[in-house]
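Worksheet: one structure, shown below.
The values are calculated or read from the model by the stated rules, or taken from the named source; none is laboratory data. Bear in mind that the values here come from a model prediction, so they are computed numbers and not experimental data. We place every Cβ from the backbone using ideal geometry, glycine too, and count neighbours over all the protein chains shown.
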Amino acid sequence: MTSRRSFIKTAALGAGVISTGQSLQSAVVENQHKSVPMNKPLVLSTWDFGLKANVDAWAILSAKGRALDAVEAGVKVAENDLHSLSVGLAGLPDREGHTTLDACIMDEHYNCGSVAFLEKIKNPISVARMVMEKTPHIMLVGSGAQQFALENGFTLDDYKNPEAQKAYEAWLVEKQYKPVINIENHDTIGMIAMDMQGNLSGACTTSGLAYKVRGRVGDSPIIGAGLYVDNEIGAATATGTGEEVIRIAGTHLVVELMRQKYSPYEACKEAVMRMVKIRKEKTKDFQVGFIALNKAGEFGAYCLQPGFNYAVFSNNIANELFKSDSYYPEQ
Ligand code: SD4
């Protein structure tokens with residue numbers, strides 16, 4: 001294992017600060033991770049739309065709320081965005097023109113819930129939570145997940161995003177399945193948080209890869225792939241090509257590496273290196289990024305391709321976007 005010290009970079013606290021809930025536009029913070037423990041509470045989420053999502057999560061965390069409530073509320077911001085092409089009902093559809101949703105949630109007691117291949121329900125993350133809290137099961141899929149949602153107070157929503165429709169019609173011309181790195185492949189929201197009590201939770205929600213085969217499920221609703229939380233150790237979530245994350249049980253691997261005393265940054269990096277070892281030059285053609293948080297409040301991220309970033313909100317970081325280190329260099 002590379003020495004922990006060699007990864008520690010100076011924390012540029014204050015650089016690129018984004019004011020809470022006001023303007024969410026700002027320079028990305030160049031230092032990729034902090035090995036300095038942050039004060040509780042703390043929330044991290046994938047990509048720049050994490051900045052908006054963090055604001056709603058922070059409202060709960062700063063009022064001494066539970067991390068579980070914070071991550072659910074946070075990722076719902078992305079699910080409710082009627083223009084998001086990658087999360088919720090506005091997301092890009094599968095090859096047959098249907099938007100299908102995957103989501104999961106996990107709390108500090110190893111409770112978890114998940115839905116996959118869910119259609120016409122606005123907030124899959126809340127259905128996942130309901131699966132966790134109201135059933136003896138962990139995962140419901142397809143029409144069964146939808147039936148469960150309808151029986152539990154959710155309503156059918158036929159919303160179709162005109163932008164997604166337009167993109168789909170353009171795609172139909174050639175019908176080529178070639179996801180563009182950091183464009184069609186990205187923007188799952190994964191969020192992990194520590195509350196004032198020091199408890200961890202996480203949530204992950206997506207419309208999955210654009211123009212996927214009907215019925216395809218990615219990593220995002222799979223506990224241990226798109227999300228894992230071990231309240232003794234830490235939490236991690238993933239974004240990118242789900243098949244590659246599932247192959248290495250990505251977030252479970254990251255958490256187990258943290259158990260072996262890897263810092264969150266080192267653990268994310270080691271998981272990416274595992275992918276590189278297994279998939280070799282194929283890794284040039286896809287993106288995967290991990291973010292992780294440990295019990296001490298240290299956090300970090302690592303990805304394959306340049307371009308991945310993540311948003312952090314804590315008492316000492318007022319909602320900043322961090323740029324992740326990548327295996328492949330920037331061109
Ligand atoms: C999936 N992991 O369905 C998701 C896609 C994604 O950022 O993360 N996009 O494979």
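Any residue that is more than 23 Å from SER201 (Cα to Cα), at pLDDT 95 or above and touching a Pro at 6+ places or on another chain (Cβ under 8 Å) - is there at least one of those in region 125-142? No - not one qualifying residue is present in region 125-142. The number of residues in region 125-142 that are part of a helix (DSSP H, G or I) and in contact (Cβ under 8 Å) with a residue 24 or more places away in the chain comes to 7.
One residue alone among TYR262, TYR302 is of a type outside the set (A, V, I, L, M, F, W, C) and more than 18 Å from the chain's Cα centre (by Cα), and that residue is TYR262. Applying the condition of being touching a helix residue (DSSP H, G or I) at 6+ places or on another chain (Cβ under 7 Å) and of a type outside the set (A, V, I, L, M) to region 290-304 and asking which residue is surrounded by the fewest Cβ atoms within 10 Å (Cβ to Cβ) yields GLU298.
Within region 274-330, if we keep just the residues that are outside any loop (DSSP other than H, G, I, E, B) and β-branched (Val, Ile, Thr), the residue that is nearest to GLN197 (Cα to Cα) turns out to be VAL312. Here GLY208 does not qualify as surrounded by fewer than 22 Cβ atoms within 10 Å (Cβ to Cβ) and assigned to a loop (DSSP other than H, G, I, E, B). Annotation: VAL43 fulfils all but one of (1) of a type in the set (A, V, I, L, M, F, W, C); (2) surrounded by 23 or more Cβ atoms within 10 Å (Cβ to Cβ); (3) in a helix (DSSP H, G or I); the unmet one is (3). Selection of region 226-240 for residues being among the hydrophobic types (A, V, I, L, M, F, W, C), within 16 Å of the ligand (Cβ to nearest atom) and under 12 Å from MET106 (Cα atoms) yields LEU227, ALA236. Being over 16 Å from the mean Cα position of the chain (by Cα), on the phi > 0 side of the Ramachandran plot and touching a residue at least 24 places away in the same chain (Cβ under 8 Å) is the requirement here; does LYS122 meet it? When the stated conditions are applied, LYS122 does not pass them.
A quick yes/no check of all residues on (1) in contact with a strand residue (DSSP E or B) (Cβ under 9 Å, 6 or more places away or on another chain); (2) crowded, with 24+ Cβ neighbours inside 10 Å; (3) touching a residue at least 12 places away in the same chain (Cβ under 8 Å):
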| residue | (1), (2), (3) |
| --- | --- |
| LYS280 | no, no, no |
| VAL288 | yes, yes, yes |
| PRO306 | yes, no, yes |
| PHE313 | yes, yes, yes |
| ALA318 | no, no, yes |
